[in-house]
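Okay, structure first, notes after.
We did not get these values from a lab; they are worked out from the coordinates using the rules stated. Since the structure is predicted, the reported quantities are computational estimates derived from the model, not experimental observations. Every residue, glycine among them, receives a Cβ derived from its backbone with ideal geometry; neighbour counts consider all protein chains shown.
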Amino acid sequence: MAKRARAVRWGVPVAAVAVVAAAVGTGPVIAAVRSEPSLPDRTAEQLLADVARTWQTGRMPQMSGTIVETASLGLPSLPGLSGSSGGPGPSGGASMASLLSGSHQLKIWYAGEDRFRLMLPGEMSETDVVANGGTVWLWDSAANTATRLTVPAGSAGGHGGHDAPFPMRSGAASPFATPDQAARQALEAAGTDTAISVGDDVTVAGRAAYQIVLTPKSADSLIRDVRVALDGEKLIPLRVQVYTKGAAEPAFEVGFESLSFTAPAAENFSFTPPAGAKVEEGTATPPADHRPEAVAEAHDRGRVVGSGWDSVLVTSLPDAPAQKPDAPAQKPDAPAEKQDGKERGGLDVAALLDGLKGAATPVSGEWGSGRLLSTKVVSILITDDGRLLAGAVTPEALYRAAGVKG
């Protein structure tokens with residue numbers, strides 16, 4: 001029997017875990033809903049408080065399981081979206097570019113903030129991140145390379161800190177998103193422009209789960225709703241689904257396919273580089289996060305117009321000059337962020353921009369002129385004056401943002 005859920009206005013933006021916790025009990029009352037018999041009644045306000053407490057304490061239950069990420073963003077086939085990732089990362093597994101479409105798996109064994117193993121399989125290879133106390137190894141079977149990683153003391157988002165109780169929240173060693181990471185980003189995007197309700201109970205990886213449904217109120221947003229499934233017992237995110245307007249299937253989904261809340265065997269956290277493997281030393285420096293504001297801050301010419309679901313990233317087109325034929329070869333240890341004109345994740349910037357322009361449609365208006373690429377989940381505008389605008393918004397929202405002088 002379907003639940004009857006009444007969406008309400010959440011009076012305080014859910015911008016961070018602390019804000020969520022502070023809002024509980026002080027915001028408007030969120031109506032209770034009738035739950036299925038399998039789970040006790042919980043309001044959206046109570047569920048938000050539950051997950052906030054879990055994140056604040058930094059204590060995640062021991063577990064092992066398989067996470068599946070599926071994306072159908074509607075992007076055309078573009079050059080520059082192939083190749084291996086630069087620097088420490090899955091050269092033979094899934095790259096950031098490859099995760100933009102299709103389905104991919106991540107296997108996880110988690111015994112604590114400093115004892116976990118992540119395995120990202122590729123077609124003929126795999127990438128492993130193994131943390132055991134003070135030692136962290138990154139194994140790339142395709143490159144036959146084992147890298148011993150050190151985490152700088154006091155690094156925000158590194159393992160061992162309450163800011164990131166779940167491994168890979170920031171994707172330090174892989175572009176793969178976990179349900180925990182995706183749920184954090186969804187809740188951070190939810191503010192006063194979001195209707196929050198409790199949906200039907202669902203079953204994820206054989207476990208009964210609540211569903212928090214985030215529905216943007218803005219007509220400019222391409223997102224219909226985001227559904228965050230929380231384990232009915234542990235109250236941690238098990239799955240996140242993003243639905244676009246007019247679509248029956250999610251455009252993006254990441255969730256557990258199988259899950260066991262039992263302590264993983266100790267041998268899962270033991271790693272010795274195979275004979276003949278190249279052994280290197282590296283530093284794990286997690287990025288701050290993946291919010292549009294953070295992306296803009298990382299780019300000295302970037303800024304964000306709008307907020308929440310209406311956020312539009314506005315940035316200058318990156319410089320990607322072609323390498324001269326007589327130029328010396330780039331060293332293999334060049335910064336991972338940019339090698340041979342490629343950004344981290346195997347993105348060939350020059351080829352990608354050319355591909356975007358070729359697939360886009362010429363447009364013009366009071367803001368100027370350029371080329372527009374619009375899919376069911378994202379709109380991208382490349383202006384003739386050298387700007388790139390992108391967001392999960394309608395083209396009209398991009399045009400308005402293009403008319404805002406920075």
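Okay, here's what the table says:
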| item | result |
| --- | --- |
| Proximal charge balance of Val204 [Cβ under 13 Å; K/R count +1, D/E count -1] | -2 |
| Val279 paired with Ala248, simple spin-label distance in nm, labels 7 Å along Cα-to-beta-carbon | 5.6 nm |
| Förster-model FRET efficiency, 22 Å R0, Gln62 and Glu257, C-beta, rounded to 0.05 | 0.75 |
| Simple spin-label estimate for Asp200 and Asn144 in nanometres, 7 Å along Cα-Cβ | 5.3 nm |
| Ser125 versus Ser270: modelled label distance in nm, points set 7 Å from Cα along the beta carbon direction | 2.7 nm |
| R0 of 22 Å, Cβ-Cβ distance Asp385-Lys217: FRET efficiency to nearest 0.05 | 0.10 |
| Residues with amide H under 5 Å from that of Ala142, placed H, sequence gap 5 or more | Gly92, Glu126 |
